[in-house]
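In what follows, a structure is listed as structure tokens, so that the remarks can point back to it.
Taken together, the values in this text are just the output of simple stated rules run on the coordinates, not laboratory data. Everything numeric here is computed off the predicted structure, so don't read it as measured data. Quick reminder, even Gly has a Cβ in these numbers, built from the backbone with ideal geometry, and neighbours come from all protein chains shown.
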Amino acid sequence: MVMSFLDIKEEDYIYQKHFVDEIVNVVFEKQTFKQCSFENINWESSIYRVDFDDCTFKNCDLSNLDFSNVSITHCSFENCKMIGSNFSLSVLKHVRFIECILKYSNFSFSRLEDTLISQSLMLGSSFNETKFKHTKIMESNLEECEFLHTLLKGMDFTTNQISGIKTTTESLIGLEINEFQALELVKLLGVIVK
């Protein structure tokens, strides 16, 4: 079933819907989406601002969606498939990604404040020139992720998998890692450990 975003009322609980095509001038507040899928939606093409505030997404497929230039506040994504989603140039405040598949997602040039990414698959995602404030990434797979020109000072990666991570030495200053991760990061310096 295809449903227009314009048909959604604030009190609706949205379950197993399939959304297709673009939307304009939408603010989602206090919405819960369960087992919904979204296709060919480009929030950025809207001439109006698209915001998500106090929304919950559970078991939804948000793969390849363009969330660039979108504001996401007090939202939770739980067990969502978000492969290749684009969050570049977005602001995420008080957002939780729990047990999500975020492979090849793009968070470059975005701002994440008071955000939690936990038990998620982030393989090959980009965090280039991303600004983190009070953000935690824990028990997640960050293999082959890019953190170029992104300050990681004060972040704790000790519970994450970071093999093949791409970053700059300046970005690593103040990052908390464990001894096994230290051996992985030494490779970035071209050093061979025997």
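Once amide H atoms are placed 1.01 Å from N in the peptide plane, what residues at a sequence separation of 5 or more from Gln161, or on another chain, have their amide H within under 5 Å of its amide H?
Ser140, Asn141, Leu142
Please list, in chain and number order, the residues 5+ apart from Leu148 or on another chain whose amide H is under 5 Å from its amide H, with Hs placed from the backbone.
Phe127, Asn128, Glu129
Give me the extension gain from His94 to Glu139: residue separation times 0.36 nm, minus the current Cα-Cα distance, reported in nm with one decimal.
Values: separation 45, 0.36 × 45 = 16.20 nm, distance 1.86 nm.
Full extension of this stretch gives 14.3 nm more.
Pull up all non-local amide H partners of Leu175: gap of 5 or more, or a different chain, and H-to-H distance under 5 Å with H placed in the peptide plane.
Gly154
Given the pairs Lys81/Lys131; Lys103/Lys194; Lys34/Lys153; Lys30/Lys153, which span a C-alpha to C-alpha distance of over 27 angstrom in this model?
Numbers: Lys81/Lys131 24 Å; Lys103/Lys194 32 Å; Lys34/Lys153 36 Å; Lys30/Lys153 33 Å.
Beyond 27 Å: Lys103/Lys194; Lys34/Lys153; Lys30/Lys153.
Starting from the 7 Å offset along Cα-to-Cβ, what nm value, one decimal, do you get for the label separation of Asp114 and Ser71?
In this crude label model, Asp114 to Ser71 measures out at 1.5 nm.
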